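Below is one structure, written out as structure tokens, with a few remarks after it.
We did not get these values from a lab; they are worked out from the coordinates using the rules stated. Computed from a predicted model, the values in this text were never measured in an experiment. Cβ placement follows ideal geometry from the backbone for every residue including glycine, while neighbour counts extend to all protein chains displayed.
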Amino acid sequence: MSNPESSPAEVVCEGRQAAGVELMEPREVPLGGPRAMSVRRTLPQRHRSLIGAWCFLDHYGPDVVSESGGMEVAPHPHTGLQTVSWLFAGEIEHRDSAGNVAMVRPKEVNLMTAGRGISHSEVSTPDSTVLHGAQLWVALPDAVRDTDPGFEHYAPAEIGGEGWRAHVFLGSLLGDSSPVATFTPLLGAEVVLDPGTTLCVPVDPAFELGVLVDRGSVAVGGVEARAADLAYVPPGADELVLVAGAEGARLLVLGGPPFGESIVMWWNFVGRTHDEVVAYRSAWQEQITGADGEVVPDGRQVAPGRFGVVPDQPLSPIPAPVLPNARLRERR
Ligand code: MN
């Protein structure tokens, strides 16, 4: 596609522009199980673990559920983080041990706070023929990481202008703000650009940013990013220039001030030390392992423990993988 305008206006962005934009490419990761769907993971990377407090970014689809089998993630635990679910297509049922049951739907954010410990399941509904979205995690700062588990849902209104539309689900961007409270300043928004659109986006210079390209292509601060790439923008800019390619682009724009704390992240746990994560793992295994050493089937558990029990979920809980021989590495 080409810009159909006969005399497109030149857009001049006059702010302090982003410098040093880095492209990060995804790696394919199977979610596990028979016929399981796979995801494109762009965070963490060997050389970058966090963007603000964002510490994990899985991007998936569009997957035809009749071929991929859809999403069937049985009960599993989390600590020290929040999960943020954002869908482009499909529907997922969320159940957690704090008693929350919610549908994850396109253009509506679901944010689950694990705090000191939660368990949850995520299963695509029978009505989902195509699944397409992102699963993101936010690390909680040390002072609040043992907070109570919780859950929030928010459906932002669409905002837009010439050649663009956006949904701001966390923080503030392009004149809109999300009411969802976060423990560190955060930004999360979906931005759709028509072919050839140049958008000057005012941003907080204290923030580092990540621009995930869902479809199409876009120049981010002058660096060309294609579908599934994550463009990293260091702090310092007060304006981000996005220039959509010939097919337009759909993006997730994420950000926050550099987190400033080292974390230890392994499997579904965020902690601060190797020993702490080992203890989280043991607590989960004790919760789901019977006297015979086998995982208790059918969603039953030996005791609710730190992570609670997901109600009315017949899927057997997921056992933790074996820890690596080496001590877990701190990342920042
Ligand atoms: Mn999870």
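Taking 4.7 Å between C-beta atoms as the pairing limit, the chain has these partnerless cysteines: Cys55. Largest first, the extents of the alpha carbon coordinates of the chain on the three principal axes equal 74, 42, 35 Å. Extending 7 Å from the Cα toward the beta-carbon at both Ala143 and Val12 defines two label points whose distance is 4.4 nm. With the highest mean first, a sort of the peptides 55-66, 123-134 on other beta-carbon atoms found within 10 angstrom per residue produces 55-66, 123-134. For region 90-211, rounded, prolate or oblate, judged on the Cα gyration tensor with a ≥ b ≥ c (square roots of eigenvalues), a/c < 1.5 rounded, else prolate if a/b > b/c? In terms of gyration-tensor shape, oblate.
Estimated at 0.36 nm per residue, the fully extended path between Ala303 and Ala206 surpasses their Cα-Cα distance by 30.4 nm.
Compared with the alpha-carbon gap, the fully stretched path from Asp238 to Glu286 is longer by 12.3 nm at 0.36 nm per residue. Think of each Lys and Arg Cβ as +1 and each Asp and Glu Cβ as -1; about the Cα centre, that makes the dipole of region 14-256 roughly 460 debye.
Taking every C-alpha pair closer than 8 Å and separated by at least 6 residues, the mean separation divided by the residue count of the chain gives a relative contact order of 20 percent. Among the GluC sites (Glu not before Pro) within region 141-212, those in coil by DSSP and having at most 15 neighbouring Cβ atoms inside 10 Å are Glu158, Glu162. Put a dot 7 Å past the Cα of Glu294, heading toward its Cβ, do the same for Glu67, and the two dots end up 3.7 nm apart. Under the rule a/c < 1.5 gives rounded, and otherwise a/b versus b/c splits prolate from oblate, where does region 8-99 land using the Cα gyration tensor? Prolate shape, in that a/c is at least 1.5 and a/b is the bigger ratio.
The HN-Hα couplings worked out from phi for region 262-274 by the Karplus form 6.51 cos²θ - 1.76 cosθ + 1.60 (θ = phi - 60°) are 7, 10, 10, 10, 8, 6, 9, 10, 10, x, 10, 9, 4 Hz, whole numbers, x standing for Gly and Pro. Adding -39500 (n - 2.57) for every DSSP H run of four residues or longer, then dividing by how many residues the chain holds, sets the calculated 222 nm ellipticity at -1500 deg cm²/dmol.
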